[in-house]
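Engineer: First the structure, then my questions, so here it is.
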Amino acid sequence: MLTYNPIIQPLNSDLFSKKNIRVEVLRLDLIHPEVSGNKWFKLKNNLLEAQRSGLRTILTFGGAFSNHIAATAAACKLLGFKSIGIIRGEESSVSNSTLAEAKQNGMQLHFVSRENYKRKEDQNFINELKKEFGDFYLIHEGGNNELGIMGCSEILTESMDQDLVLCASGTGATYVGLLKAIKPHQKLMVVNALKGGDDKEGLLNNYHFGGYAKHTSELLEFKSKFENDHNIPLDYVYTAKLFFAAFDLINKDKIPENSTVLIIHSGGLQGNAGYEKRYNLNPSR
Ligand SMILES: *Cc1c(COP(=O)(O)O)cnc(C)c1O
């Protein structure tokens with residue numbers, strides 16, 4: 001688990017052949033059944049640091065569907081840490097498969113009101129949590145600290161020298177990590193899963209489909225067709241938007257002909273069951 005053996009697969013389509021663009025997918029969703037995707041890279045250096053400082057309990061924050069909560073619970077179980085998840089919302093209104101799985105992996109769940117959740121970076125609140133739970137190693141929401149970013153810079157290895165790297169973005173920590181690892185001849189473009197502003201250099205803001213964790217019927221149709229055509233599962237929140245963007249950019253000639261592209265599948269599949277229940281979706285898979 002701590003050694004990274006990247007899995008890269010070709011992605012074939014008539015569109016790509018027509019434009020003579022070679023597309024490959026980096027399958028971070030396959031690195032581990034539960035600790036999959038970019039969340040593992042954000043966590044790993046934090047967990048090593050916790051180990052070094054002799055702390056055996058990890059405390060972190062997240063929403064009820066959070067891939068970060070799921071990954072933290074599973075990674076802590078694997079590495080023998082006790083884990084505590086501070087979850088936004090009331091327990092009764094947020095029970096779902098993400099949290100059930102986290103609990104099964106030994107995470108102690110502690111529900112706080114939206115008001116209190118906003119205090120997650122307030123030292124007084126953290127001190128209160130220490131009084132309640134004892135000493136812990138704190139990982140901020142989403143794992144977005146220097147160690148998390150450093151971990152994300154390890155996603156790209158020496159041999160990955162495609163012209164363009166495409167990735168989904170939420171907080172942008174993965175993006176910043178990848179920027180550190182990109183080679184001089186490479187270009188990085190990220191697809192924002194949240195509603196943002198206008199496109200900026202490298203940041204694509206027009207594939208949010210209504211905003212974070214939102215979708216349109218066009219996105220749902222794309223997702224199920226893609227999964228059928230390519231036998232690669234996507235998540236609703238990030239990677240469906242990412243792959244939609246890849247096809248759209250190539251179709252609109254925004255990616256130069258004859259180039260090579262690496263799309264990073266950042267995982268997130270654990271969230272699909274909860275998402276489908278929440279929106280009452282019934283994918284024919
Ligand atoms: C969290 C997440 C992202 C976004 O990562 P950031 O570092 O927050 O930008 C992308 N894809 C998946 C599947 C995620 O779970």
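The values are calculated or read from the model by the stated rules, or taken from the named source; none is laboratory data. In this text, all values refer to a predicted model and were calculated from it rather than measured experimentally. Don't worry about glycine lacking a Cβ; one is built from the backbone with ideal geometry, like all the others, and counts go over all protein chains shown. The accessibility values were calculated without ligands, DNA or RNA, using every heavy atom of the protein model including side chains. Shrake-Rupley method; radii C 1.70, N 1.55, O 1.52, S 1.80 Å.
Engineer: Taking N as the number of residues in region 91-176, what is its Cα Rg relative to 2.2 N^0.38 Å?
Structural biologist: The value comes to 1.44.
Engineer: Calculate the all-directions average of the projected area of region 176-247's alpha-carbon convex hull, and give it in nm².
Structural biologist: 5.5
Engineer: With a 1.4 Å probe and all protein chains left in place, how much accessible area per residue does region 38-143 have, in Å²?
Structural biologist: Each residue of region 38-143 exposes 45 Å² on average to a 1.4 Å probe.
Engineer: Related question: Measure up LYS42/LYS252; LYS39/LYS130; LYS18/LYS183; LYS82/LYS223 against 31 Å on the Cα-Cα distance and list the ones that go over.
Structural biologist: Result: LYS42/LYS252; LYS82/LYS223 exceed 31 Å.
Engineer: Would you mind calculating the gained length between GLU115 and ASN282 on full extension (0.36 nm times residue separation, minus the Cα-Cα distance), in nm to one decimal?
Structural biologist: Full extension from GLU115 to ASN282 adds 56.8 nm.
Engineer: Counting only protein heavy atoms and using a 1.4 Å probe, what share of the accessible area of region 38-143 belongs to carbon plus sulfur, as a whole percent?
Structural biologist: Accessible surface attributable to carbon and sulfur in region 38-143 totals 46 percent.
Engineer: Turning to a different aspect of this structure: Just to be sure I follow: if Rg is taken over the C-alpha atoms of the chain and Rh is the Kirkwood radius over the same atoms, what is Rg/Rh?
Structural biologist: Across the chain, the Cα-based Rg/Rh ratio is 0.97.
Engineer: Heads up, I need the accessible area for GLU221: 1.4 angstrom probe, whole protein in place, Å², nearest 10.
Structural biologist: Its accessible surface works out to 120 Å², give or take rounding.
Engineer: Something else: Starting from the eigenvalues of the Cα gyration tensor, five times each then square-rooted, give me the equivalent ellipsoid semi-axes of region 9-67, largest first, whole Å.
Structural biologist: 37, 13, 9
Engineer: Okay, next question. Would you mind computing, in nm to one decimal, how far apart the modelled labels at ASN96 and SER159 are, each placed 7 Å from Cα along Cα→Cβ?
Structural biologist: For ASN96 paired with SER159, the spin-label model returns 3.7 nm.
Engineer: Can I ask one more? For region 149-277, calculate the relative contact order in percent as a whole number, restricting contacts to Cα pairs under 8 Å that are 6 or more residues apart.
Structural biologist: For region 149-277, the relative contact order is 26 percent.
Engineer: Right, here's the next one. Note down the nm distance, to one decimal, between modelled labels 7 Å out along Cα→Cβ at LYS254 and at LYS200.
Structural biologist: With each label point 7 Å from Cα toward Cβ, the separation is 1.7 nm.
Engineer: When the helix-only estimate is applied to the chain (DSSP H runs of n ≥ 4, each -39,500 (n - 2.57), divided by the residue count), what is the mean residue ellipticity at 222 nm, nearest 500 deg cm²/dmol?
Structural biologist: That calculation yields -11000 deg cm²/dmol at 222 nm.
Engineer: Moving on. How many times 2.2 N^0.38 Å is the alpha carbon radius of gyration of region 38-143?
Structural biologist: 0.98
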